[in-house]
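Worksheet: one structure, shown below.
Readers should treat all values here as calculations from the given coordinates under stated rules, not as data from a laboratory. What you see is a predicted model; the values in this text were computed from it and never measured. Every residue, glycine among them, receives a Cβ derived from its backbone with ideal geometry; neighbour counts consider all protein chains shown.
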Amino acid sequence: MKTRFSLSQKAGLLSLGLFAAILLVWQLLTLPETHVAAANVDPEYAALMGGGGAKAASGFPTPAAMAQTVWDKLSHPFYDNGPNDKGIGIQLGYSLARVLGGFFLAAVVAIPLGFAIGNSRVVYQAINPYVQLLKPISPLAWMPLALYTIKDASASSIFVIFICSLWPMLINTAHGVANVKKDWLDVSRTLEVNPLRKAFRVILPAAAPTVLAGMRISMGIAWLVIVAAEMLVGGTGIGYFVWNEWNNLSLTNVLFAILMIGVVGMALDSLFGVLGKRVAYQE
Amino acid sequence: MTSPSIHPFLQVENLARIYPSPSGGEPVTVFDHVNFRIHKGEFVCVTGHSGCGKSTILNILAGLDSASLGNVFMDGREVSGPSLDRGVIFQSHALMPWLTVLENVAFAVKSRWPARNKQQVREHALRYIELVGLKGAEHKLPSQLSGGMKQRVGIARAFSIEPKMLLMDEPFGALDALTRGVIQDELLKICAETQQTVFMITHDVDEAILLSDRIMLMSNGPHARIAEIVNNTLPRPRDRSAIHKQPHYYPIRNHLVDFLVSRSKLFGSLRDAPDAPSSPTVFDPADLVESDVEPVVVHTPPVGKPHIHLVNA
Ligand SMILES: Nc1ncnc2c1ncn2[C@@H]1O[C@H](COP(=O)(O)OP(=O)(O)OP(=O)(O)O)[C@@H](O)[C@H]1O
Ligand SMILES: [Mg+2]
């Protein structure tokens, strides 16, 4: 009976083991030098020591100190004590709002445009050179131009998100639409389906998995880029928070922010994973 | 049996498909001088070797493709594009995999009668799903169906729009013999009930004999054409287990097999005069009383035979 673990149970156990190993290595590496001998120190004791020593505050935090920070920050995510001291929920909220704003605008442009490109060889050939030229540009390279023309930091970072989300959605939509099986188009032709109904009832569902895969890639890139963009323009957001805490030399807060960026990124990605499953079809 | 009328239901005149040669030389004529008529309620099968242009002809009839030369008229009007008047059953079933069986059929029904409400569309679709024996599977996705069931959904979809004519491109080619037999029987039954006019491509001689009123035989390309037409005189209703006991069964079958094995190639001699319009030879087992060897080659339509429908271009 002992060997009858399911695959996910085994994987879960392995994950937990890995987590414990990471904590152990982390703990060993961050032991205060005077306490090297006490390797098997109680985590609570370590927390007391870490919290007490001035050295630990500016140096690399111990797992226990980290846990304490995570707990404190997550119990009050939405406090606001002025520009340089806001709860993590507020900072993440700013970043998410910018990402969703830019992403939504990009979708509004990219999906119809991708439809047009995928439907017509002429449009494809006309637009392709622009896409090829613009796609490899780092989205942050647009920032000065955005700041100059838009003259607003927050709107500029939304613009940068817009630019970086645009390409994967555009290319995937065009690709998905261009590769709709000829049989399905022939069926709708013999049924004299009008163009609008064909677009929404045949082409869109047929291309949806590819379109959604593009949206997922776009969202991933947008979440990467927002951190850099906010570091650049400052003010609010998780990117600004990271930079600010680095200036405060609070590695604990920086680490905490990194963790949160990862968690939110993962949540966004799995959201698109779920959506992708819902539009997927099996031939 | 149909009787000849002045206005055949479907009339194909001098159809040809010519491709420009890839190397810039002589253009390739896949088929030319294709002439035939189909009358209302008739079931016509076409057979011939791979690549002779059967699918191309069917797609031209469907309006999905256009001919290089020639015209197709249905009900007196020229075919210039796809239409709900002509239902197509695709070889690859062409079901939309994100729609259930019911939704696939309902999509067609709604296309045919946009004014109908949801309930009416649903009832109509269900009636045809039941007709092909898929009652109970209407909420399944195509990926959950067997190949035979998918093909039946394709048949239900094509019949549901009540087209004036049905076009089928090797609809059962991908099915195993047993499933094919069952669906053929169903098709026979539905066609008998609905008096459907059918144009069907098949590679299966027995399928052609079981289903058709006439069998058109295409010679090999290039310059393929309808070389012979066989009148299928076997009485209806036909039963696959007893059909071989009919006196005309073996003459027809041998004639078809013989064509496919040898005569389809010989027909190439006509290529020497590609401009000369050809009339297909007609084989009718009823003529076999005196001659049981090679059928007489006739290049002009004989007079006084009600079952012969020839087109003189
Ligand atoms: N672009 C092209 N250029 C030249 N020839 C072509 C082109 N497209 C198709 N053909 C030719 O047209 C012919 C007709 O093809 P079609 O699919 O109609 O044949 P078919 O009789 O249906 O064959 P099968 O029984 O294998 O389905 C083929 O011989 C093919 O080589
Ligand atoms: Mg074919």
| So, of the residues in segment B:59-77 that are surrounded by 18 or more Cβ atoms within 10 Å (Cβ to Cβ) and near ligand 1 (Cβ under 10 Å from one of its atoms), which turns out to be farthest from the other protein chains (Cβ to nearest Cβ)? | B:Ile60
| said: Looking at (1) touching a residue at least 60 places away in the same chain (Cβ under 8 Å); (2) more than 12 Å from chain A (Cβ to nearest Cβ); (3) not basic (Lys, Arg), which one does B:Ala94 not meet, given that it meets all the others? | reply: (2)
| Taking segment B:184-208 only, how many residues are out of contact with any Cys (no Cβ under 6 Å at 6 or more places or on another chain) and within 16 Å of ligand 2 (Cβ to nearest atom)? | 5
| note | How many residues of segment B:101-138 are among the polar types (S, T, N, Q), over 24 Å from B:Glu170 (Cα atoms) and crowded, with 17+ Cβ neighbours inside 10 Å? The answer is 1
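If you check A:Leu92 against the conditions, is it in contact with a helix residue (DSSP H, G or I) (Cβ under 6 Å, 6 or more places away or on another chain) and within 18 Å of A:Gly220 (Cβ to Cβ)?
Yes: the conditions hold for A:Leu92.
Within segment B:39-58, can one find any residue that is within 15 Å of ligand 1 (Cβ to nearest atom), more than 25 Å from B:Phe259 (Cα to Cα) and more than 14 Å from every other protein chain (Cβ to nearest Cβ)?
Keep residues of segment B:39-58 that are within 15 Å of ligand 1 (Cβ to nearest atom), which gives B:45-58.
The next check asks that each one be more than 25 Å from B:Phe259 (Cα to Cα); those that pass are none.
No, the conditions are met nowhere in segment B:39-58.
On the given criteria, is B:Val88 within 16 Å of ligand 2 (Cβ to nearest atom), surrounded by 17 or more Cβ atoms within 10 Å (Cβ to Cβ), away from chain A (no Cβ under 14 Å) and among the β-branched types (Val, Ile, Thr)? Reasoning before the result, please.
Working: within 16 Å of ligand 2 (Cβ to nearest atom): yes; surrounded by 17 or more Cβ atoms within 10 Å (Cβ to Cβ): yes; away from chain A (no Cβ under 14 Å): no; among the β-branched types (Val, Ile, Thr): yes.
For B:Val88, the condition - within 16 Å of ligand 2 (Cβ to nearest atom), surrounded by 17 or more Cβ atoms within 10 Å (Cβ to Cβ), away from chain A (no Cβ under 14 Å) and among the β-branched types (Val, Ile, Thr) - is not met.
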| field | Single unsatisfied condition, A:Ser138 versus (1) touching a Ser or Thr at 6+ places or on another chain (Cβ under 8 Å); (2) of a type in the set (Ser, Thr, Tyr); (3) under 26 Å from A:Val242 (Cα atoms) | value | (1)
| field | Which listed residue, of B:Leu145, B:Leu141, B:Leu166, is under 17 Å from the mean Cα position of the chain (by Cα) and more than 16 Å from ligand 2 (Cβ to nearest atom) | value | B:Leu166
| query | Out of curiosity, is A:Thr236 of a type in the set (S, T, N, Q), buried (at least 17 other Cβ atoms within 10 Å of the Cβ) and in a loop (DSSP other than H, G, I, E, B)? | reply | yes
| query | Mind checking which residues of segment A:196-210 are within 13 Å of chain B (Cβ to nearest Cβ) and either among the aliphatic types (A, V, I, L, M) or under 17 Å from B:Pro82 (Cα atoms) (or both)? | reply | A:Leu196, A:Arg197, A:Lys198, A:Val202, A:Ile203, A:Leu204, A:Ala206, A:Ala207, A:Ala208
| query | Out of all the residues in segment B:90-126, which are more than 21 Å from B:His139 (Cα to Cα) and under 23 Å from the mean Cα position of the chain (by Cα)? | reply | B:Phe90, B:Gln91, B:Arg112
